Amino acid sequence: MTFHFKTGLLALSLLGSTALGMLGTAVTAQAADQEISWIYCGDKIDPIHEKYIKEWEGKNAGWTVKPELVGWEQCQDKATTLAAAGNPVGMAYVGSRTLKEFAENDLIVPVPMTEEEKKSYYPNIVDTVTFDDNQWGVPVAFSTKALYWNKDLFAKAGLDPETPPKTWAEEIAFAKQIKEKTGIAGYGLPAKTFDNTMHQFMHWVYTNNGKVIDGDKIVMDSPEVLAALQAVKDITPYSVEGATAYEQNEIRAIFLDGKAGMIQSASGAAALLKKTNMKWGVAPLPLGPSAKGEGTLLITDSLAVFKGTGVEEKAIEFAKFITSPGPQGEYELQGGAGLTPLRPSAKVDEFVKADPSWKPFIDGIAFGGPEPLFKDYKGFQNAIIEMVQSVVTGKAEPADALKKASAAIEEYK
């Protein structure tokens, strides 16, 4: 039952003092039973989130947070379907790339940050949830990529196993030498019809100071992005054969099996590699000729607060609490989850000191860039995948493929 403010005023004017007291009791009882529903992606709730849900509920008498577990494949679709049907959840775990689409359709509310809150994050992270000068979600998970290399394969190919490539030119040359000297793929390039194909391409873009969209203007047809697409073409002959059949986890499995010299991957790959006998290393992503510094695509997932629930303010309060430095620090620094810390801290410094393999994932943030925000994100994503696949398969030259994709994504912004 919902207490409607205007109707309530009319009722109060007609009631005597006794009835007024009874109504006040009813409203108080109702207010003491408020719920924030939370679509939570995955097959189990993280124990750290369970811990802090209880802590927040203990400090907010009468309020409960009710997570609903939904598999990763259906998670975002369920939140969207419920909101579009007029039955929104309090908040949901979503890819930040979808925030513009949700906001443009008036399904979520802004979650503005103070300047102090913005400054607490690593550079450029707030950009992943910002458009029209407002924030539309609270970052809850963050991923960057680095270059992993197989030291054993480097040695077999006559390369220095302790020296990873620092530039694209070196990366392509090393991949070529590994393939020619060992018969094993020098690089693992994923190009399946899968969102990660777009993500992997954006790592090339952001390691060459490129951009896809600037404000509301498509700026992808540029020398920087063309060079990125050309590099993808140039490394393909020395990569795992049949790139369009593989997504990132499948490429990672090939690397773990010793069948690829180098891959781009998240921090979670390090946890898997530590269980193998492989000699491996991890370094910042190699840089293109126009790079200003170490870069990477900055991928965040966010907590979006949906409109029309009546609990928006409390949902924002809880979302900011569960992602505040204390709870968030515990959640993201568990190791093996593939998450990069959202904020610098003494705890992060200690973590990196204890395990230096984390350093490249943090170093790439300074010149990294966000997932481009589009009103029709899937349309944009599919156009980039088609572009990459056309070049990888030899059906199109990079310049032609880039012009075609640039024109196509105009309608999705």
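Return only the number of the condition from (1) within 18 Å of Y121 (Cα to Cα); (2) assigned to a helix (DSSP H, G or I); (3) of a type in the set (F, W, Y) that F367 does not satisfy.
Checking F367 against (1) within 18 Å of Y121 (Cα to Cα); (2) assigned to a helix (DSSP H, G or I); (3) of a type in the set (F, W, Y), the one that fails is (2).
Being open to solvent by 40 Å² or more (accessible area, probe 1.4 Å), farther than 19 Å from Y412 by Cα and not in a strand (DSSP E or B) is the requirement here; does E101 meet it?
On the way: open to solvent by 40 Å² or more (accessible area, probe 1.4 Å): yes; farther than 19 Å from Y412 by Cα: no; not in a strand (DSSP E or B): yes.
Here the answer is no, as E101 does not meet what is asked.
Considering each of E68, E73, E57, E117 in turn, give the residue that is surrounded by fewer than 18 Cβ atoms within 10 Å (Cβ to Cβ), among the acidic types (D, E) and farther than 29 Å from A266 by Cβ. Show your work before the answer.
Working: E68 fails: farther than 29 Å from A266 by Cβ; E73 fails: farther than 29 Å from A266 by Cβ; E117 fails: farther than 29 Å from A266 by Cβ.
None of the other options fit; the residue is E57.
Residues checked against (1) more than 17 Å from the chain's Cα centre (by Cα); (2) in contact (Cβ under 8 Å) with a residue 24 or more places away in the chain; (3) crowded, with 18+ Cβ neighbours inside 10 Å; (4) assigned to a helix (DSSP H, G or I):
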{"residue": "P344", "(1), (2), (3), (4)": "yes, yes, no, no"}
{"residue": "K347", "(1), (2), (3), (4)": "yes, no, no, yes"}
{"residue": "K359", "(1), (2), (3), (4)": "yes, no, no, yes"}
{"residue": "L373", "(1), (2), (3), (4)": "no, yes, yes, no"}
{"residue": "V391", "(1), (2), (3), (4)": "yes, yes, yes, yes"}
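Suppose we filter the range 282-292 for residues that are part of a loop (DSSP other than H, G, I, E, B), buried (at least 19 other Cβ atoms within 10 Å of the Cβ) and small (G, A, S); how many remain?
So the answer is 2.
Please indicate, with yes or no, whether at least one residue in the range 133-155 is modelled with pLDDT under 95 and over 30 Å from E330 (Cβ atoms).
Scanning the range 133-155 turns up at least one residue that is modelled with pLDDT under 95 and over 30 Å from E330 (Cβ atoms).
Taking the range 81-96, which residues are part of a helix (DSSP H, G or I) and surrounded by 20 or more Cβ atoms within 10 Å (Cβ to Cβ)? Full working, then the answer.
Of the residues in the range 81-96, the ones part of a helix (DSSP H, G or I) are 81-84, 96.
Across the range 81-96, the qualifying residues are A83, S96.
Here are some residues: K279, K307, K259. Which one is open to solvent by 40 Å² or more (accessible area, probe 1.4 Å), farther than 30 Å from I178 by Cβ and at pLDDT 95 or above?
Details: K279 fails: farther than 30 Å from I178 by Cβ; K259 fails: farther than 30 Å from I178 by Cβ.
Result: K307 is the single residue among K279, K307, K259 that is open to solvent by 40 Å² or more (accessible area, probe 1.4 Å), farther than 30 Å from I178 by Cβ and at pLDDT 95 or above.
Identify the residue in the range 235-247 that is out of contact with any Phe, Trp or Tyr (no Cβ under 8 Å at 6 or more places or on another chain) and at negative phi and, among all such residues, is most open to solvent (accessible area, probe 1.4 Å). Working first, answer last.
Filtering the range 235-247 for residues out of contact with any Phe, Trp or Tyr (no Cβ under 8 Å at 6 or more places or on another chain) gives 236-237, 241-246.
Then keep just the ones that are at negative phi; that gives 236-237, 241, 243-246.
On the way: T236: 31, P237: 75, E241: 144, A243: 7, T244: 58, A245: 56, Y246: 64 Å².
In this case the residue turns out to be E241.
Quick check on my filter: what residues within the range 161-173 are open to solvent by 40 Å² or more (accessible area, probe 1.4 Å) and among the hydrophobic types (A, V, I, L, M, F, W, C)?
Within the range 161-173, A169, A173 qualify.
Would you confirm whether any residue within the range 397-404 is under 25 Å from D132 (Cα atoms) and either modelled with pLDDT under 95 or outside any loop (DSSP other than H, G, I, E, B) (or both)? Spell out the reasoning first.
Initial filter on the range 397-404 (under 25 Å from D132 (Cα atoms)): none.
Scanning the range 397-404 turns up no residue that is under 25 Å from D132 (Cα atoms) and either modelled with pLDDT under 95 or outside any loop (DSSP other than H, G, I, E, B) (or both).
Of (1) closer than 13 Å to A191 by Cα; (2) open to solvent by 40 Å² or more (accessible area, probe 1.4 Å); (3) touching a helix residue (DSSP H, G or I) at 6+ places or on another chain (Cβ under 9 Å), E224 satisfies all except one. Which?
E224 satisfies all of (1) closer than 13 Å to A191 by Cα; (2) open to solvent by 40 Å² or more (accessible area, probe 1.4 Å); (3) touching a helix residue (DSSP H, G or I) at 6+ places or on another chain (Cβ under 9 Å) except (1).
Residues of the range 293-327 being over 16 Å from Y52 (Cβ atoms), in a helix (DSSP H, G or I) and touching a Gly at 6+ places or on another chain (Cβ under 9 Å), which ones?
Correct list: E312 only.
The values are calculated or read from the model by the stated rules, or taken from the named source; none is laboratory data. What you are looking at is a predicted structure, and each value in this text was computed from that prediction instead of being measured. When we count neighbours, we look across all protein chains shown, and the Cβ atoms used for this are built from the backbone with ideal geometry, even at glycine. Side chains included, ligands, DNA and RNA excluded: accessible areas come from the protein's heavy atoms. Shrake-Rupley method; radii C 1.70, N 1.55, O 1.52, S 1.80 Å.
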